[in-house]
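Accompanying notes for the structure given below.
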Amino acid sequence: MGGAGRWGNRVLIAVTLAGLVGSAEFGLEATTARAGVSPPQGFSEPFALADRPQVPSGADISYPQCGAALPFGRAFGVVGVNGGRADTLNPCLSEELAWAVEQTTGASPQPRASVYLNTGDPGTSYLGQPVPDWPRSGDSPDGSCLPQVALPHVLGPGQTSVACAWVFGFMKAEQDTIWLGQAAALARLPSKPAQYPFWLDVETSNTWQDSTSMNQADLEGMVAALRVAGVTRIGVYASPQQWLEIAGASQTSSSGPLYPLQSWILGAGSQGAAQNECQGPPLTGGKVLLAQFPLGPFDGDVAC
């Protein structure tokens, strides 16, 4: 996928809109058509699957594609919410969401439009510098995030702890749901986060702590924020090796909030290899729904 930064990877969302193909695995349902927007040529209700060009793969795009020609004739699109880090916004989010809805064919089990989020867990400092948006307080399932004591009676930045990592993840995903809603409304698309599935992009190219338990807590905090926003469809984008390095388990604990998530596998060198990944083991306890492969200047994606 597109860019990585100081701290932040990408999570993904799959979107269902009027007349778009739903996903049985994500339980997608059709929503009301965009008011005041004429459907693209050849797009009407009902729009039978048999009438759609049988394009077997989709593509994912984000801020690196701002102002560039976007893929044509893909079955579905995956759009990045962030601008390379978990604390940044893709400036072309509205336009790229509209591309996914209006310029893809829908000839896939996946919905036409999807979005992903950057993720990451930098801790209280990065390269010796304080992380300005690291939390100083907040509650988590593992207790309270507390500030460090810099001097007597002087509180410093938040601790590098499991609790603060969870709160950081929660804050980042909460901000992402706001950004998504604003961008979707601007594009005259459904703007409630609950109307979209989300994917979490977990890659070693971003900043993570050495503690896999803290990294898991960060991702669990993101899942919790999405659940609070009403989101029920959440998946993980990663390679099996990177997922193991970052989260510390091939499928995570069966009792934890990451276990039910669906999988989007990266790392295949071709479309055929990506199709083989569909038959491989999932990252978590959910199913493999997508596998990524190189597609010219973009990333292609096979729907499993």
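Shown for 212, 104, 284: other C-beta atoms within 10 Å of each C-beta, ranked fewest to most, produce the order 212, 284, 104.
With neighbour counts taken as other beta-carbon atoms within 10 Å, the residues 234, 246 rank, fewest first, as 246, 234.
By the beta-carbon count within 10 Å of each Cβ, the least crowded to most crowded order of 89, 146, 258, fewest first, is 146, 89, 258.
FYI, it's all coordinate maths here, none of it is from the lab. Only a predicted model underlies this, so the values are computations on that prediction, with no experimental measurement involved. Using ideal geometry, Cβ is built from the backbone for each residue, glycine included, and neighbour counts are taken over all protein chains shown.
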